[in-house]
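Just below is one structure, and these are the notes that go with it.
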Amino acid sequence: MKKRQSPREMTESEKDALTVADGHDVAAWGKAVAVAASRSAKPAWIREAKERSKQRAAVVDKVPVPSSIIKSVGYDDVTETLQIHFSNGRVYHYLHVPLETYNALLAAGSVAAFFDAEIRDKYRAVEIAARE
């Protein structure tokens, strides 16, 4: 007897499949459904961004910040990538962050509050290191 899988949030691939299905393009719909059915398949942009982020992680100079939530931050001005190393051990790269935003983060009275208000939900994030 098969075990029932727990419900989960829809992936971008599944959302794309629904969008294509609404347009009634049957050939594209079939391909989109096949991609969405693969639960382990991540969109290519996630795999590529994660790989690039890992390669550049050593290049970014990390600056310790006074915060109980964020351990350090770094910035790569070539790719406009903001690296945030959290106190829990997770490391994220936030993509296409302007230099002005990075400088404002460093100058903020509360780094964590600035991060929550100006960065967290405004820029695409790629986790490059899970908890240690």
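The values are calculated or read from the model by the stated rules, or taken from the named source; none is laboratory data. Quick caveat, the model's predicted, so the values are computed rather than measured. Methodologically, a virtual Cβ is constructed for each residue, glycine included, from the backbone with ideal geometry; neighbour enumeration extends over all protein chains shown.
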The listed residue being modelled with pLDDT of 70 or more and in contact with a Phe, Trp or Tyr (Cβ under 8 Å, 6 or more places away or on another chain), out of LYS62, LYS71: LYS71
It is to be established whether one or more residues within segment 73-84 are in a strand (DSSP E or B), over 18 Å from ARG124 (Cβ atoms) and in contact with a strand residue (DSSP E or B) (Cβ under 8 Å, 6 or more places away or on another chain). no
Within segment 107-128, track down each residue that is farther than 14 Å from LYS71 by Cα and not in a helix (DSSP H, G or I). ALA108, GLY109, ILE119, ARG120, ASP121, LYS122, TYR123, ARG124, ALA125, VAL126, GLU127, ILE128
Please specify each residue of segment 85-101 satisfying the condition of being without any contact (Cβ under 8 Å) to a residue 40 or more places away in the chain and over 15 Å from SER67 (Cβ atoms). TYR94, HIS96, VAL97, PRO98, LEU99, GLU100, THR101
Kindly indicate whether any position in segment 99-106 is assigned to a loop (DSSP other than H, G, I, E, B) and either surrounded by 17 or more Cβ atoms within 10 Å (Cβ to Cβ) or out of contact with any Gly (no Cβ under 7 Å at 6 or more places or on another chain) (or both). no
Any idea which of (1) at pLDDT 90 or above; (2) loosely packed, with under 14 Cβ neighbours inside 10 Å is the one ALA130 doesn't satisfy? (1)
